[in-house]
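Input: a single structure, listed below in structure tokens.
The values are calculated or read from the model by the stated rules, or taken from the named source; none is laboratory data. Keep in mind it's a predicted model, so treat the numbers as computed, not measured. Neighbour counts are summed over all protein chains in view; Cβ atoms, including those assigned to glycine, are modelled from backbone coordinates with ideal geometry. Heavy atoms of the whole protein, side chains included, go into the accessibility calculation; ligands, DNA and RNA do not. Shrake-Rupley method; radii C 1.70, N 1.55, O 1.52, S 1.80 Å.
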Amino acid sequence: MNVPLIEVRGLSKTFIVAEKDAGLVGTLRHFVRRRTREVHAVRNVSFTIQSGECIGFLGGNGAGKTTTLKMLAGLLAPTDGVCKVAGFVPFERRKDYLRRVTLVMGNKQQLLWDLPATETFRLNAAIYGISDADAAMRVQELSSILELDDKLRTPVRKLSLGERMKAELIASLIHRPRLLFLDEPTLGLDVNAQAAVRAFLRHYNRTTEATIILTSHYMQDITALCERVIVMHDGSLVHDGTLKRLKERFGAQREIRMTLDRPVARQDLERYGHVISLEGLDVRIAAPEASVLKLLPSLLANLPITDLTVQDSPIEEAVGRAMDGDDSVLLVGEAATAWAELDDQSGS
């Protein structure tokens, strides 16, 4: 049995946050008698990750995913629970552990703003005890893959956002970490830059067998790199499994698009499912995936349809529902009764 690279059991993090009223009176009251409240950023989260996996870590703003990443990287100590990475306790920040990991945040940078990126590379190489020859070789290798060779001696402030993110990756990978924590690495990048970063991460994961934990609000990042996703909502883990399973659980609906030859009242359409939109003679209805085939004959028999198509619901919709903690099938109006009748008919 393989020993997990990352083992998390009952991990929780609570912050004590001060509250202050506006104005001078509020400031004085805050100085004399401070009022605080607890914020439970992460609540009793448990999971394991094997070496070499590429995991998508998803959740809405404030879901607790970045806090969890910071605890795994050793930047924060948990309030409760067990967290072990490669046999180390991250927040103890032992040198052998820090040599194995890196954390890249799309909204933070380590590059020296007014100097070329090579100066940051030299600094990081010195911190990790890497010789000049080895550092030069590694920078050359990474910059060649990222197509950044001709920009390494340009001051960082003159680089584009995409070029700066590529330089950030080089600076973060110069010590060849075995575990990458990536928090929004494609944030703000254009389509071409996003594709380049994704291609590089895929190549790095494949050639080095490094483990990657990736958070992103761009689903293209997740679908291109990750087979398994962990989804958090309100500090708790709500899904841990494949993207396919995520879609089955949170997006088990299909979208039926119809064009009618005469107007039909919205309430007459709602008995078949959730009416996403009704614009003139064009109708979009969301219906449970398992029952779509049962529904089609009824639609064709009872509605003046001139054109009909059935489409899978987009993965973004499933992820959005998972982030909201909602895995119920969406039925409104008389739709639930209609589905029950269809099920009875099919079973008799």
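Sort 160, 172 by heavy-atom solvent-accessible area, probe 1.4 angstrom, most to least.
Accessible-area ranking of 160, 172, largest first: 160, 172.
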FRET efficiency for residue 257 and residue 9, using Cβ-Cβ distance with R0 set to 51 Å, rounded to 0.05: 0.65
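Ranked by accessible surface with a 1.4 Å probe, highest first, in what order do 128, 97 come?
My answer, sorted largest first, is 128, 97.
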Of all accessible heavy-atom area on the chain, the percent that carbon and sulfur account for (1.4 Å): 49 percent
Heavy atoms of residue 108: accessible area, 1.4 Å probe, square angstrom to 10: 130 Å²
Per residue, in Å², the accessible surface of region 1-102 once ligands and nucleic acids are set aside, probe 1.4 Å: 59 Å²
Stokes-Einstein translational diffusion, the chain - Kirkwood Rh over all Cα pairs, 1.306 mPa s, 10 °C, in µm²/s: 67 µm²/s
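Note the direction-averaged projected area, equal to a quarter of the hull surface, for the Cα convex hull of region 245-298, in nm².
3.9 nm²
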√(5λ) per eigenvalue of the Cα gyration tensor, region 88-134, largest first, Å: 22, 17, 7
Computed P(r) (all Cα pairs; region 162-244; 5 Å bins; percent): 3, 13, 25, 26, 18, 10, 5, 0
Under 16 Å between alpha carbons - lysine pairs in the chain that sit 8 or more apart or on different chains: 9
Mean separation of Cα contacts under 8 Å (6+ apart) over length of the chain, as relative contact order %: 18 percent
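Percent relative contact order of region 166-215, based on C-alpha pairs within less than 8 angstrom and at least six residues apart? Intermediate values should be presented prior to the final figure.
Details: 31 pairs, mean separation 27.0, N = 50.
About 54 percent, as a whole number.
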Percentage of interatomic Cα-Cα distances in region 182-308 larger than 16 Å: 71 percent
Highest-MSF residue in the chain out of 224, 133, 196 [GNM, Cα springs under 10 Å]: 133
Cα-derived Rg to Rh of region 116-178, Kirkwood definition: 0.94
Using alpha carbons only: equivalent-ellipsoid semi-axes of region 1-42, gyration tensor based, whole Å: 41, 7, 6
Formal net charge of residues neighbouring residue 79 (Cβ-Cβ distance under 12 Å; K, R +1; D, E -1): 0
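Remind me, what semi-axes does region 33-172 give for its equivalent ellipsoid, largest first in whole Å, using sqrt of 5 times each Cα gyration tensor eigenvalue?
So the three semi-axes of region 33-172 are 32, 19, 15 Å.
Treating the beta-carbon of each Lys and Arg as +1 and of each Asp and Glu as -1, no other charges, what is the dipole magnitude of region 50-187 about its Cα centre, to the nearest 20 debye?
280 debye
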Solvent-accessible surface ranking, highest first, for 184, 7 at 1.4 angstrom: 7, 184
GNM result for the chain, Cα springs below 10 Å: residue of 181, 200, 15 fluctuating most strongly: 15
